[in-house]
Amino acid sequence: MNDQETSNFRSGSPRSSGRDPVQPWWGRRHNILLALAALIIAVVIWRLASTPRGERDVVTQPVAVVTATVKQGPFTVFQSALGTVKPLHSVTVRSPVSGRLLSVSFSGGQMVKQGALLATVDPQPVATQLALAQGELARSQALHAQAADTLQRYQQLLTEDSMPPQRVADQKALADQQAADLRVAQSRVDDAKLQLANTRIVAPISGMVGLRRVDPGNFIQPSDVEGITTVTELHPIGVEFALPGHVLADLVKRLHAGAETAVVAYASDTDTRLANGKLQATDNQIDPDTGTVRLQAVFPNTDDNLFPNQFVSVKLAVRELDDAVLLPTAAIQHGADGPFVYVVGADQTVSIAQVELGPGDDMTSVVRTGVNVGTVVVVQGSDHLRAGLRVKPIATAHNNDAPPRVSAAGSEHDKRDSVRPLSGESAHRQHTDDPDVTPGAS
């Protein structure tokens, strides 16, 4: 052993052998634990990053939802169409006599009763004609009386053989002529009195009077096309609209049977209900160009919400469904396989049920297959639901919780195409868009 080796040995320094020194067993265990912890943290971070926030929330607690129960009851199917308000009676007021318009007694938009004074024509010319007619009548009465008295004396002389028969016959003809002249004179007096009465122009019907079309001082006559004004009946008032021809058969049967068919009018540009009425008449033929038939509904219009030539959207009850399975429309979801609903089970977990829908509105829909009466479905809170998740019902919805809205034309489950029931229980629903009924044209 040389001096260098002896020095290294004494100092305890290891000899260089070309290999790393061996770590103790506790150092290797510490490194393995650190690697496992880092792997677990990475997996947790990846799971949290790949899971939607809504699903991460429901892992820890049930989803709060609003539920409703499928019920059974009557349902009224409504058909929608665009219509125009038409007055049942509208009259153009013209002067029955020719003359100078003396005064006007109405203002535009004024409600008048039948027989109310609207205008006055200068009565002086007609009064003069009446005086002349009365004078002619008096002259005819005197001549007739004289001829009748002479005839009576001639007839008396004829019985005594003191008067030729021909003379008596001539007098009788003269008396008959005077009687005819008397009747003509009386007719002229009656006509003059009628003309004098017609110088007072009155309302032919009750209704709203329009703007005046001629000013006082102008000469007017019966042949004037525009007349003085118009009077339009507003109470009641009609609405004309068109529906597909295939609905006509059922409507005609109901009309002939005396059954009332409910009609509801809405503003065409809003969801505001204007009036409730009933179907009054149908046209006698179907338009070959459009395949539609014209109908007329009548409305009391006590609130004056309908005005002539106004465009409205109407809903007409075309069919009644008895004992229909009714489902809140808000519960219906749409997926790749069609409409479905989330059903809440007895264990408070949800499952998916595919449904076949019938007619419906924005509140209630008819279900043909998929769910039964008494089934509990999710109405609100279904955004992050999936089959098997637990839920916590926090409220129960009813079919009439949401206000209805209306559209001009129906479409498959159009949320804007509905009306509230006219009367009865809340289960008695109405709808405009029936899959078996084609939307009407106007």
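The values are calculated or read from the model by the stated rules, or taken from the named source; none is laboratory data. For clarity, every value in this text was computed on a predicted model and none was experimentally measured. Please note: Cβ atoms are built from the backbone with ideal geometry, for glycine as well, and neighbour counts cover all protein chains shown. For accessibility, only protein heavy atoms count, side chains too; no ligands or nucleic acids. Shrake-Rupley method; radii C 1.70, N 1.55, O 1.52, S 1.80 Å.
A few points about this structure:
- Some residue of the range 338-351 being more than 30 Å from Leu234 (Cα to Cα), touching a residue at least 40 places away in the same chain (Cβ under 8 Å) and part of a helix (DSSP H, G or I): no
- Which listed residue, of Val231, Val247, Val239, is modelled with pLDDT under 90 and not in a loop (DSSP other than H, G, I, E, B): Val247
- Lys113 closer than 30 Å to Asp269 by Cβ, open to solvent by 40 Å² or more (accessible area, probe 1.4 Å) and modelled with pLDDT of 90 or more: no
- When residues of the range 257-274 are limited to those that are among the small types (Gly, Ala, Ser) and open to solvent by 30 Å² or more (accessible area, probe 1.4 Å), the one nearest to Gly210 (Cα to Cα): Ser268
- Val373, sole failed condition from (1) closer than 21 Å to Thr261 by Cα; (2) assigned to a loop (DSSP other than H, G, I, E, B); (3) β-branched (Val, Ile, Thr): (1)
- Test: residue in the range 163-186 that is modelled with pLDDT of 90 or more, open to solvent by less than 30 Å² (accessible area, probe 1.4 Å) and under 29 Å from Gln124 (Cβ atoms): yes
- The set of residues from the range 275-285 being touching a residue at least 12 places away in the same chain (Cβ under 8 Å) and open to solvent by 80 Å² or more (accessible area, probe 1.4 Å) comprises Lys278, Gln280.
- Per-region count, the range 189-225, residues open to solvent by 30 Å² or more (accessible area, probe 1.4 Å) and farther than 30 Å from Leu82 by Cβ: 23
- Annotation: His334 fulfils all but one of (1) open to solvent by less than 30 Å² (accessible area, probe 1.4 Å); (2) in a strand (DSSP E or B); the unmet one is (1).
- Subset tally (residues that are part of a strand (DSSP E or B) and touching a helix residue (DSSP H, G or I) at 6+ places or on another chain (Cβ under 6 Å)) for the range 379-398: 1
- Residues (closer than 13 Å to Ala119 by Cα and in a helix (DSSP H, G or I)) located in the range 190-228: Ala197, Asn198
- Some residue of the range 57-65 being hydrophobic (A, V, I, L, M, F, W, C), assigned to a strand (DSSP E or B), open to solvent by 50 Å² or more (accessible area, probe 1.4 Å) and modelled with pLDDT under 90: yes
For every residue, the table says whether it meets (1) open to solvent by less than 40 Å² (accessible area, probe 1.4 Å); (2) at pLDDT 80 or above.
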position	(1), (2)
Ala353	yes, yes
Pro359	yes, yes
His384	no, yes
Ala387	no, yes
Val391	yes, yes
Glu412	no, no
Ser423	no, no
Val437	yes, no
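- Scan the range 300-323 for residues that are among the hydrophobic types (A, V, I, L, M, F, W, C) and either open to solvent by 80 Å² or more (accessible area, probe 1.4 Å) or modelled with pLDDT of 90 or more (or both) and the total you get is 5.
- In the range 227-274, the residues that are farther than 19 Å from Pro308 by Cβ and free of Cβ contacts under 8 Å to residues at least 40 places away in the same chain: Ala249, Val252, Lys253, Arg254, Leu255, His256, Ala257, Gly258, Ala259, Glu260, Thr270
- Residues in the range 286-299 that are in contact (Cβ under 8 Å) with a residue 24 or more places away in the chain and either assigned to a loop (DSSP other than H, G, I, E, B) or surrounded by fewer than 14 Cβ atoms within 10 Å (Cβ to Cβ) (or both): Ile286, Asp287, Thr290, Gly291.
- Matching option when the condition is part of a helix (DSSP H, G or I), open to solvent by less than 40 Å² (accessible area, probe 1.4 Å), of a type outside the set (Lys, Arg) and free of Cβ contacts under 8 Å to residues at least 40 places away in the same chain, among Leu151, Leu158: Leu151
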